[in-house]
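The values are calculated or read from the model by the stated rules, or taken from the named source; none is laboratory data. Just so you know, these numbers come straight off a predicted model, no measurement behind them. Glycine also receives a Cβ, built like all others from the backbone with ideal geometry; neighbour counts cover every protein chain displayed.
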Amino acid sequence: MDYTWENHTTLIAEDDPLNYKYMELLLTRRTGINIVWAKDGREATRIIRENKDIDIVLLDLQLPEIDGLQALEIIREQNPHLPVIIQTANSWNNEEEVCLEAGSNGFFNKPLNMDKLLLKMDECFKIYSRYHGETIGF
């Protein structure tokens with residue numbers, strides 16, 4: 001499926017530069033989405049607080065400074081409707097359940113299945129647009 005998200009911005013909160021570059025490359029090539037990078041949880045929450053143009057967050061669970069769950073809690077306080085998808089390389093028994101109960105809109109293990117991630121992002125955009133009265137082009 002083709003996605004056209006040139007008018008939208010994702011925050012990728014990822015401390016591993018190789019994982020970030022992989023996601024950046026695939027997302028920009030397949031969707032045209034604008035990308036902002038946060039290297040830790042504290043930076044991610046600051047960017048969201050200061051930048052109202054963020055449309056979706058791809059949040060690593062194991063971030064320095066503030067971990068993904070703590071960052072999710074802060075993000076939910078700042079913007080309860082902003083879509084947040086958590087990804088992790090080291091998931092434990094009930095981590096997905098814990099993240100979804102904490103307010104995540106999705107959960108993915110690394111390495112990411114980009115087709116499934118894009119489908120989830122598309123779903124999140126459609127739901128989020130209802131809160132803003134806008135139509136997101138696809």
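Overview of values
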{"read-out": "Unique match (being exposed (fewer than 14 other Cβ atoms within 10 Å of the Cβ), closer than 26 Å to Pro80 by Cα and out of contact with any Cys (no Cβ under 8 Å at 6 or more places or on another chain)) among Thr10, Thr4", "value": "Thr4"}
{"read-out": "Listing of strands (runs of 3 or more DSSP E) fully contained in the range 31-130 that carry 1 or more residues being over 13 Å from Thr9 (Cα atoms) and touching a Cys at 6+ places or on another chain (Cβ under 7 Å)", "value": "84-88, 106-109"}
{"read-out": "Residue that is nearest to Met121 (Cα to Cα) [pool: residues in the range 15-26 that are touching a strand residue (DSSP E or B) at 6+ places or on another chain (Cβ under 9 Å) and touching a residue at least 60 places away in the same chain (Cβ under 8 Å)]", "value": "Met23"}
{"read-out": "Residue count for the range 1-28, restricted to those that are part of a helix (DSSP H, G or I), more than 23 Å from Leu72 (Cα to Cα) and among the hydroxyl-bearing types (Ser, Thr, Tyr)", "value": "1"}
{"read-out": "Where a residue in the range 113-131 is at pLDDT below 95 and its partner, wherever it lies, is among the basic types (Lys, Arg), with Cβ under 8 Å and at least six apart", "value": "Met114/Arg30"}
